[in-house]
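The values are calculated or read from the model by the stated rules, or taken from the named source; none is laboratory data. None of the values given here were measured: they were computed from a predicted structure. In this analysis, Cβ positions are derived from the backbone assuming ideal geometry, glycine residues included, and neighbour counts consider all displayed protein chains. Just the protein is used for accessible areas: all its heavy atoms, side chains included, with ligands, DNA and RNA removed. Shrake-Rupley method; radii C 1.70, N 1.55, O 1.52, S 1.80 Å.
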Amino acid sequence: MISDRILGVEGSKSVGLASVLMKLRKEGRDIIALNVGEPDRPTPDVVKEATAKAMRDNHTRYSLVEGIPELREKIAQRFERQTGRSISPSQVLVSNGSKQTLYNIFQAMLNPGDEVIIPRPYWVSFPEAVKLAGGVPVFIDAPDLQLPVNAIEAAITKKTKLIIVNSPNNPSGVVYKKSDMKKLAALAVKHNLHIVSDEAYEALIYDEAEKFSFAEMDDEVFKRTIHVQSFSKTFMMTGFRIGFMIADQTLVSAINKLQSHLTGNNCTFAQYGAVAALENETSIVPPMVELMRSRRDLCLELSKGLFEVETPGGAFYLFPKVTNYFERFKDSAEMATFLLEKTGVAGLGGSAFGMEGHLRFAFTASETDLREAFRRMREVLL
Ligand SMILES: Cc1ncc(COP(=O)(O)O)c(C=O)c1O
């Protein structure tokens, strides 16, 4: 009954765990969920109020497939403020979360057999979305968690079409070095490739010096880069489902055609909420980033003597190496299951992200919960 296309992909492991946790909680288990890739803070009131007002004002009907003009204009202005590159609002296309943005891009760009380079560790949906478009994921190991530029160059073939770059990275939290991003851009130009730059965590960078966008490079690089961003993490709006791309006009038009048959516009009144988010960015985003920075520092402190971990320069994930526990556990998935069963702390095994030997914990929980989670893990592991 089910198509080969769907049989060939895996369900999202991170989404799948949510229903297991719901069941455990119903059974009365005390769960500390460090598996969740979304801020635990509520959506800001100004955003909720603007969304409710948009509904009262009857912005409840179809809108333009590519997004309401006010939102696309504000996104274009923000992009210019951040990167110094002026773009037309017509280069912006709004979709149902950047998950759909990525899906759209692969559907619009890949022919059967086209290869897409994906550095490991990677966000769970990249390979599956590539496969759904008939593409072939080509994984490149990044043992030091940085962008593996030399190994990427070695893997380029005649069939290579895209390279996915996700910085700050989910799951590692690593912000790729500017110098490596520049080398990668040069590779894309040399080999006539495109870069999909997934910037879902662009606002969550803890050291300002590390901020860098491909858009700051020359026109040749910009032409080859598809910038993918999202309101989900930056503005605590995961349920609004607003993601967008900024790209070359030809690609935006092709994706507009695709989206017109797929979802049409995304929720009209939610887009008005997104406009309010951008208008209030300076009061919304810095406190959230500060909160996450303090939690990151706390987790690093609590990890001492328990986990060997790279300092995450961005996002809200800790990705400790746990191979020193592998005399007790056969792999990271087994270790994550053990921790959930014995301590109620939910994390994810690195294999879900293509990198065995690690666990991923999201520090999207209160300081009290984080302290308690690490206390419990210390108790059963040491
Ligand atoms: C790297 C990365 N890209 C994209 C997304 C998708 O986010 P959304 O669809 O909510 O915009 C996520 C969500 O976890 C992510 O971690």
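Numbers below:
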quantity: Pairs, first more than 16 Å from Gln229 (Cα to Cα) in the stretch 84-96, second open to solvent by 10 Å² or more (accessible area, probe 1.4 Å), C-beta under 6 Å, six or more apart; calculated: Ser86/Glu80
quantity: Residue match in the stretch 118-139 (condition: open to solvent by less than 50 Å² (accessible area, probe 1.4 Å), acidic (Asp, Glu) and under 17 Å from Ile226 (Cα atoms)); calculated: no
quantity: Any hit, the stretch 4-21, residues being assigned to a loop (DSSP other than H, G, I, E, B) and over 15 Å from Ser125 (Cα atoms); calculated: no
quantity: Among the residues listed as Ser213, Ser230, Ser253, the single one being in contact (Cβ under 8 Å) with a residue 24 or more places away in the chain, small (Gly, Ala, Ser) and open to solvent by 10 Å² or more (accessible area, probe 1.4 Å); calculated: Ser213
quantity: Residues of the stretch 237-250 classified as surrounded by fewer than 22 Cβ atoms within 10 Å (Cβ to Cβ) and in contact (Cβ under 8 Å) with a residue 24 or more places away in the chain, total; calculated: 5
quantity: Every residue from the stretch 82-101 that is within 22 Å of the chain's Cα centre (by Cα) and under 22 Å from Val285 (Cα atoms); calculated: Gln82, Thr83, Val92, Val94, Ser95, Asn96, Gly97, Ser98, Lys99
quantity: The stretch 49-73, subset assigned to a helix (DSSP H, G or I) and under 23 Å from the mean Cα position of the chain (by Cα), residue farthest from Leu251 (Cα to Cα); calculated: Leu71
quantity: Subset of the stretch 168-180 that is open to solvent by less than 20 Å² (accessible area, probe 1.4 Å) and out of contact with any helix residue (DSSP H, G or I) (no Cβ under 7 Å at 6 or more places or on another chain) - its residue that is nearest to Asp297 (Cα to Cα); calculated: Gly173
quantity: Of residues in the stretch 102-147 being of a type in the set (Phe, Trp, Tyr) and either without any contact (Cβ under 8 Å) to a residue 24 or more places away in the chain or not in a helix (DSSP H, G or I) (or both), the one farthest from Ser351 (Cα to Cα); calculated: Phe139
quantity: Residue check for Phe269: among the aromatic types (Phe, Trp, Tyr), under 29 Å from Ala188 (Cα atoms) and either away from the ligand (no atom under 16 Å from the Cβ) or outside the structural domain of His191 (by TED's automatic domain parsing) (or both); calculated: no
quantity: Index of the failed condition, Gln259 passing every other in (1) touching a Leu at 6+ places or on another chain (Cβ under 9 Å); (2) within 16 Å of the ligand (Cβ to nearest atom); (3) closer than 30 Å to Asp207 by Cβ; calculated: (3)
quantity: Residue within the stretch 74-93 that is part of a helix (DSSP H, G or I), within 16 Å of the ligand (Cβ to nearest atom) and buried (at least 18 other Cβ atoms within 10 Å of the Cβ) present; calculated: yes
quantity: Selection from the stretch 21-64 of residues that are hydroxyl-bearing (Ser, Thr, Tyr) and either buried (at least 20 other Cβ atoms within 10 Å of the Cβ) or out of contact with any helix residue (DSSP H, G or I) (no Cβ under 9 Å at 6 or more places or on another chain) (or both); calculated: Thr51, Ser63
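Every residue, every condition in (1) in contact with a Pro (Cβ under 7 Å, 6 or more places away or on another chain); (2) open to solvent by 60 Å² or more (accessible area, probe 1.4 Å), yes or no:
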site: Met288; (1), (2): yes, no
site: Leu300; (1), (2): no, no
site: Lys304; (1), (2): no, yes
site: Phe326; (1), (2): no, no
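Table: residues versus (1) modelled with pLDDT under 95; (2) in contact with a Lys or Arg (Cβ under 6 Å, 6 or more places away or on another chain); (3) of a type in the set (S, T, N, Q).
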{"residue": "Asp4", "(1), (2), (3)": "yes, no, no"}
{"residue": "Ser19", "(1), (2), (3)": "yes, no, yes"}
{"residue": "Arg29", "(1), (2), (3)": "yes, no, no"}
{"residue": "Leu34", "(1), (2), (3)": "no, no, no"}
{"residue": "Asp45", "(1), (2), (3)": "no, no, no"}
{"residue": "Thr51", "(1), (2), (3)": "no, no, yes"}
